[in-house]
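The structure under discussion appears below in the form of structure tokens.
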Amino acid sequence: MCRGPTIGKRQVVNGPGHFSYQTQRQSRDPVPNQPMAAAAAVAVATGASDWTIVRRRGRRRGDDPRPASQLDAPPPLPVIPVPWSPSDSSLDPARVSRLVARAHAAISRVAASRLYRSLLLQGSSLRSRLGVLAPARLSLLGVGSFESSPAARLQLALAALLRRDLLPEAASADLFDPVLSAVECAAAAALGFSVPSLDDGCRRRAEEPTLFYMPHCEASLYDALLAANWDSPAQLRRVCVLGNSFRRYALQAEENRSGPAAKAPHVLAAERFACEERIGETGDLDDDDWFAHAFNETSWHFFQLHDDVDLAGTMLEEGDKFIEQI
């Protein structure tokens, strides 16, 4: 299971052709604390875009020797928004009702948790920063399949509670992941979330102050979001990101200059003026397998920078830093 901002290829969740924004999202409920050694195969990077399946024991009859990039490799993120519709278009009202009920149960569970109670503390730095930002929208990007994953339902529940309790009453909400089914889209609507009909690859410009909750997405997706809002300090100040730690990505980039984190220049540049606050840093994270799976290594990021900051210049500095460390 994910125990930190591990970075990998987008994974198939709901049917052929659609890949989740989340890293290593599993298609069915995984067993908590399942040993990594139990996996039958691992994906090993062999180049910029090729991934090869490596079996733990000798090749078995029927194994396809072709690289994974020729079999189920995800397509690149769209450069411009592309039309999207659920790959599973079947709509069963009974399934929708069951899923909405399960989502409400998850909302009740998160609302009663130590993790969420800590977010509601009056006078906290988090509430103060949210008060200054005054988000008019919450966008939940990369939630995965919340019908099949308990962790994804907890993430959806947190988004619903944040909108209810910490955002202005008039704030709107949307959610998206390419793997969503028609049932999940209908359940999302019942919970007050709209679902866009375009896949923008997280290249989403904040037209109003927006909280982007991106649970355990890939570094490239955070980078795409920041790039879409990088034209001015005033524009970037409209953005708040709740997701993987940018500070952790910076450390990963220093350790591996050819890894995925090092290829997210906007994330690395933004880390220097992001005010980062980690969820559960003071020991208030619930001691529960699914809570840990859903919320581990999750941080708030607020961007505090003056109008005279040269964002284009910071990108050049990041490039020079990369060259010096090669």
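The values are calculated or read from the model by the stated rules, or taken from the named source; none is laboratory data. Just so you know, these numbers come straight off a predicted model, no measurement behind them. Using ideal geometry, Cβ is built from the backbone for each residue, glycine included, and neighbour counts are taken over all protein chains shown.
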* Can you find a residue in the range 166-181 that is part of a helix (DSSP H, G or I) and either in contact with a helix residue (DSSP H, G or I) (Cβ under 6 Å, 6 or more places away or on another chain) or in the same structural domain as Gly280 (by TED's automatic domain parsing) (or both)? -> no
* Failed condition for His216, given (1) at negative phi; (2) in contact (Cβ under 8 Å) with a residue 40 or more places away in the chain; (3) crowded, with 22+ Cβ neighbours inside 10 Å -> (1)
* Given the conditions (1) under 23 Å from Phe295 (Cβ atoms); (2) in a helix (DSSP H, G or I), report the number of the one that Ala189 does not fulfil. => (1)
* Structure fact -> For Asn244, the lone unmet condition from (1) in contact with an Asp or Glu (Cβ under 7 Å, 6 or more places away or on another chain); (2) modelled with pLDDT under 95 is (2)
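Quick grid of which residues meet (1) in contact with a strand residue (DSSP E or B) (Cβ under 7 Å, 6 or more places away or on another chain); (2) crowded, with 24+ Cβ neighbours inside 10 Å:
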| position | (1), (2) |
| --- | --- |
| Tyr116 | no, no |
| Gly123 | no, no |
| Arg127 | no, no |
| Leu140 | yes, yes |
| Ser197 | yes, no |
| Ala206 | yes, no |
| Phe212 | yes, yes |
| Ser220 | no, no |
* **Selection from the range 160-177 of residues that are surrounded by fewer than 24 Cβ atoms within 10 Å (Cβ to Cβ), out of contact with any Gly (no Cβ under 8 Å at 6 or more places or on another chain) and not polar (S, T, N, Q)** => Leu161, Leu162, Arg164, Asp165, Leu166, Leu167, Pro168, Glu169, Ala170, Ala171, Asp174
